[in-house]
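The structure appears right after this line, and notes come after that.
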Amino acid sequence: MELANQLVGRSAELQRLDDALDRLAATGEAAAVQVVGPGGIGKTRLLSVFAQRADSRGLTVLRGSGADLERDLAFWVFVDALDEYVERVEPQRLHRLGDEVRRRLGQVFPSLSSDTDRANVSDEGERHRTHRAVRALLEQLAAPGPIVLILDDVHWADEASVDLLVSLLHRPPGAPVLLVLGMRAADASPRLTSALERALREHTLQRVELRGLSVAEVAAMLGRPGPDPHTAALQEDSGGNPFYVEQLARAGGTRAGAWGGLPSDDLPVPPMVRAAMAEELALLPARERKLLDGAAVAGDPFDPDLAAAAADLPELEALDAIDALISQDLLRLTDVPRRFRFRHPILRRAIYDATPGGWRIGAHQRTA
């Protein structure tokens, strides 16, 4: 089926990003924005549209992205965003930085490296001097005019990139540089999370949180004239997550309440949704994953005692796991005391489908 190509339901979020560009131009001061939300919510799509809008203003836009397979490559997020651009910068501009700064930049960016540049950046003093060198580079790049540095999937950032981000949040460049970070907050490095929270308190960072689309927005995304029962069911089953909406629609539909009721063999989770959710759940500690499996058997919404019984976990451990899963937005509170629900019904079904068949039989017996 054909889906609408335009960005739907993000006008307020785009306006906040546009406002950040206005302030950048007006003040000439560095700033940072965090775009946060669960997998599939549309962070990358929003950042792509924002990049086009910033480019249309004549600003220099540089983009990079973290990736699970690049987590062992030091400074990869920044290399991805800056290396090719730096390689094309006039040599005279880089010479203004001085030999020592250029040498340290060679420790970060392959386009500037030489055989003599491979210093030990794990040493704390060396690391701080390298951070100052990257800050000086950003200031030099922004000297002709503001730059927008967009780093997506920062939850996958390598340790060196995280350290550099923490440094830039604490001591921003003295130039018009807008740092925009797209990430899943629940999967981010604790050190980066702490730096982001501090920047929020100090009003040097804005947070733009993406939530699920409404029924009307889902209808617009699907190119339908307006909400109808089928669209409402899609919105309910997907939690308004655009990626899940798209995949469910392509898979041939849904019916109201189906994902939230008893597991139904005629409503398989689309493979791409299953793969995306498996990636999100892969980093969970064993206790939290065990509780999720038990909760998927117990129902949606579920009683914590039933979930604990299904998971074969002691009550206190189960409650601690629920708290941790709520903080990661995999589970949510309900209006009923001692009742919890999954972030959206399709998440519950994907988890249920992933449990081993023999374990599932035992879990149902324990809940009985």
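The values are calculated or read from the model by the stated rules, or taken from the named source; none is laboratory data. This is a predicted model, so every value here is computed, not measured. Neighbour counts are summed over all protein chains in view; Cβ atoms, including those assigned to glycine, are modelled from backbone coordinates with ideal geometry. Ligands, DNA and RNA are stripped out before the accessible areas are found, and what is left, the full protein with its side chains, is counted by its heavy atoms. Shrake-Rupley method; radii C 1.70, N 1.55, O 1.52, S 1.80 Å.
Quick notes on this one:
- Take every Cα pair under 8 Å whose residues are at least 6 apart in sequence, average their separation, divide by the length of the chain, and the relative contact order is 18 percent.
- Compared with the dominant principal axis of the Cα atoms in the chain, helix 286-298 is inclined by about 40°.
- Surface accessible to a 1.4 Å probe, residue 272 within the full protein complex, Å²: 110
- Using the 1.4 Å probe convention, the accessible area of the chain works out to 46 Å² per residue with neighbouring protein chains retained.
- In the set [x] 21.1; [y] 17.9; [z] 28.9, the label that goes with mean projected area of the Cα convex hull in nm² computed for this structure is [x].
- What you get for the chain, charging only the Cβ of Lys and Arg (+1) and of Asp and Glu (-1), is a dipole of about 560 debye around the Cα centre.
- The figure for residue 68 is an accessible area of roughly 90 square angstrom, using a 1.4 Å probe on the protein chains alone.
- On the chain, 50 percent of the accessible area sits on carbon and sulfur atoms, based on a 1.4 Å probe.
- The angle separating the long axis of helix 76-88 from the principal Cα axis of greatest extent in the chain is about 40 degrees.
- Accessible-area ranking of 360, 16, 171, largest first, probe 1.4 Å: 171, 16, 360
- Crossing angle, helix 124-141 versus the chain [Cα axis fit, 0-90 degrees, rounded to tens]: 80
- Per-residue HN-Hα couplings for region 19-28 [Karplus 6.51, -1.76, 1.60; θ = phi - 60°; Hz; x = Gly/Pro]: 4, 5, 5, 4, 5, 4, 5, 6, 9, x
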